[in-house]
1. Do we find a residue being part of a helix (DSSP H, G or I), surrounded by 16 or more Cβ atoms within 10 Å (Cβ to Cβ), without any contact (Cβ under 8 Å) to a residue 60 or more places away in the chain and in contact with a Phe, Trp or Tyr (Cβ under 6 Å, 6 or more places away or on another chain) anywhere in region 91-109?
2. Consider Arg36 against the criteria (1) free of Cβ contacts under 8 Å to residues at least 60 places away in the same chain; (2) charged (D, E, K, R); (3) surrounded by fewer than 16 Cβ atoms within 10 Å (Cβ to Cβ): it satisfies all of them except one. Which criterion is unmet?
3. If Phe407 satisfies all but one of (1) at negative phi; (2) touching a helix residue (DSSP H, G or I) at 6+ places or on another chain (Cβ under 8 Å), what's the number of the condition it fails?
4. Mind checking which strands (runs of 3 or more DSSP E) fall wholly inside region 214-292 and carry at least 1 residues that are surrounded by 23 or more Cβ atoms within 10 Å (Cβ to Cβ) and within 16 Å of the ligand (Cβ to nearest atom)?
5. For Tyr324, are the conditions met, namely being of a type outside the set (S, T, N, Q) and within 16 Å of the ligand (Cβ to nearest atom)?
6. Just a yes or no: is a residue in region 136-154 within 15 Å of the ligand (Cβ to nearest atom) and either assigned to a loop (DSSP other than H, G, I, E, B) or outside the structural domain of Gly210 (by TED's automatic domain parsing) (or both)?
7. Could you list, in sequence order, all residues of region 363-400 that are of a type in the set (A, V, I, L, M, F, W, C), within 25 Å of the chain's Cα centre (by Cα) and in a strand (DSSP E or B)?
8. I need the full set of residues from region 41-90 which are not hydrophobic (A, V, I, L, M, F, W, C) and not in a loop (DSSP other than H, G, I, E, B), in order please.
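The values are calculated or read from the model by the stated rules, or taken from the named source; none is laboratory data. Just so you know, these numbers come straight off a predicted model, no measurement behind them. Using ideal geometry, Cβ is built from the backbone for each residue, glycine included, and neighbour counts are taken over all protein chains shown.
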Amino acid sequence: MMIDAATRSWVEVPEGSDFPIQNLPYGVFVDASGVRCGVAIGDSILDLARAEAVGLFATTELDRDTFRRDDLNGLLQHSRGVWSAVRSRIVSVLDASNRAGREFCEAHDLVIAGPVQMRMPIRVGDYVDFYSSEQHATNLGKMFRPDSEPLLPNWRHLPVGYHGRSGTVVVSGTPIKRPHGQLRGSSGPVFGPSQRLDMELEVGFITGGGPGIGTPISVEDAEHHIFGLCLVNDWSARDIQAWEYVPLGPFLGKSFATTISPWIVPLEALEPFRVPAGDQEPVPLPYLSSDHHIGLDLDLSVEITPAGSAEAFDLTRTSFTNMYWTMAQQLAHITANGATIRPGDLFASGTVSGQTRDEFGSLIEITWNGTNPIEFPDGSSRTFLHDGDTVTIRGRCTADGAVSIGFGACVGTIVR
Ligand code: CA
């Protein structure tokens with residue numbers, strides 16, 4: 001359900017908060033009472049495990065103790081109808097116009113104001129990383145294959161991607177250990193710490209279950225299987241990548257860590273910010289074509305806090321509207337061969353890059369393969385990431401007549 005812009009919560013929501021009642025993202029948190037699922041409202045959390053125990057979701061089809069666990073997969077395994085019903089129960093008790101809802105929450109102490117620690121929100125099933133920004137693919141093509149066409153012949157016909165490593169997807173705040181690997185040396189490969197450690201600004205979507213092996217999901221139906229979105233930092237060791245990637249693509253240069261933001265924003269909350277996706281030329285094959293060719297107007301930014309600095313500096317600002325392939329096309333493509341999806345599968349967009357240097361979504365593009373360092377106001381500069389550098393990704397949606405919502409932060413610090 002879409003929540004009217006006039007709706008307010010009785011829970012205090014600071015001006016400009018990422019989490020007004022129109023958002024209600026899901027996460028997993030831990031405090032002195034243990035680990036459980038919750039929904040963010042302003043700076044507070046609605047404790048879903050406790051809400052469930054006192055009957056808030058009794059009219060829905062949720063299984064017992066869906067939220068008294070350390071992941072959202074118990075919710076993800078249900079259909080979109082159940083996701084909507086749960087969301088509407090949550091809205092009902094947080095809406096300021098429902099006095100009984102407030103009394104219910106207060107009587108059962110359902111809203112937690114205190115500081116909590118966020119955990120991984122989902123148990124990631126399969127993880128796929130796409131490559132769906134034309135500008136990013138073009139930039140990388142120019143750097144990695146300077147003597148040929150930057151976009152390979154397949155790129156405008158299918159959403160190129162690869163299967164990544166789900167076991168190393170970590171939640172925001174987890175330190176990122178600099179990976180070791182094979183690096184190309186002047187007299188043969190050497191093994192050592194990556195010298196060209198990079199970040200990639202991406203957006204991920206998380207699915208519920210699919211129809212089973214052998215049954216593709218159509219592009220028209222695809223969004224029925226998408227539960228929500230998060231921010232993704234696809235950390236990349238460019239030197240490991242450059243040596244290993246031919247002919248099978250990304251491997252150890254990517255698999256050491258991928259960070260996601262802790263709050264999963266429901267697709268329903270993003271409805272006011274959906275916009276027509278860009279034209280595609282040539283027209284994709286029928287299984288990728290849809291009358292409902294819709295993107296998402298999501299402003300994205302990356303800040304870096306250099307090691308030893310107390311200050312954060314802008315690295316990039318760009319828009320998710322830059323993506324060439326839509327989420328629906330990506331999901332239709334990944335299942336076109338009969339491959340199935342499972343609750344908690346994570347699909348990352350690929351690096352989101354715009355047309356100009358200050359809109360590029362990775363350091364390899366911003367510094368043009370390390371040849372053009374980026375300078376910061378405190379006099380420091382970077383080609384790639386140093387130990388102690390902190391990278392923060394943020395995302396926020398704005399539209400006329402709608403209450404702005406955000407994704408919270410996706411943060412990682414490089415450690416030796
Ligand atoms: Ca990537």
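1. There is at least one residue in region 91-109 that is part of a helix (DSSP H, G or I), surrounded by 16 or more Cβ atoms within 10 Å (Cβ to Cβ), without any contact (Cβ under 8 Å) to a residue 60 or more places away in the chain and in contact with a Phe, Trp or Tyr (Cβ under 6 Å, 6 or more places away or on another chain).
2. For Arg36, the exception is condition (3).
3. Going through the list (1) at negative phi; (2) touching a helix residue (DSSP H, G or I) at 6+ places or on another chain (Cβ under 8 Å), Phe407 breaks only (2).
4. The strands (runs of 3 or more DSSP E) meeting that bar are 226-233, 258-260.
5. Numbers: of a type outside the set (S, T, N, Q): yes; within 16 Å of the ligand (Cβ to nearest atom): yes.
Taking the combined requirement at face value, the residue satisfies it.
6. Looking through region 136-154, none of the residues is within 15 Å of the ligand (Cβ to nearest atom) and either assigned to a loop (DSSP other than H, G, I, E, B) or outside the structural domain of Gly210 (by TED's automatic domain parsing) (or both).
7. Val391, Ile393, Cys397, listed by residue number.
8. So the first thing to find is which residues in region 41-90 are not hydrophobic (A, V, I, L, M, F, W, C), and the list is 42-44, 47, 50, 52, 55, 59-61, 63-66, 68-71, 73-74, 77-81, 84, 87-89.
Answer for region 41-90, where residues must be not hydrophobic (A, V, I, L, M, F, W, C) and not in a loop (DSSP other than H, G, I, E, B): Ser44, Asp47, Arg50, Glu52, Asn73, Gly74, Arg80, Gly81, Ser84, Arg87, Ser88, Arg89.
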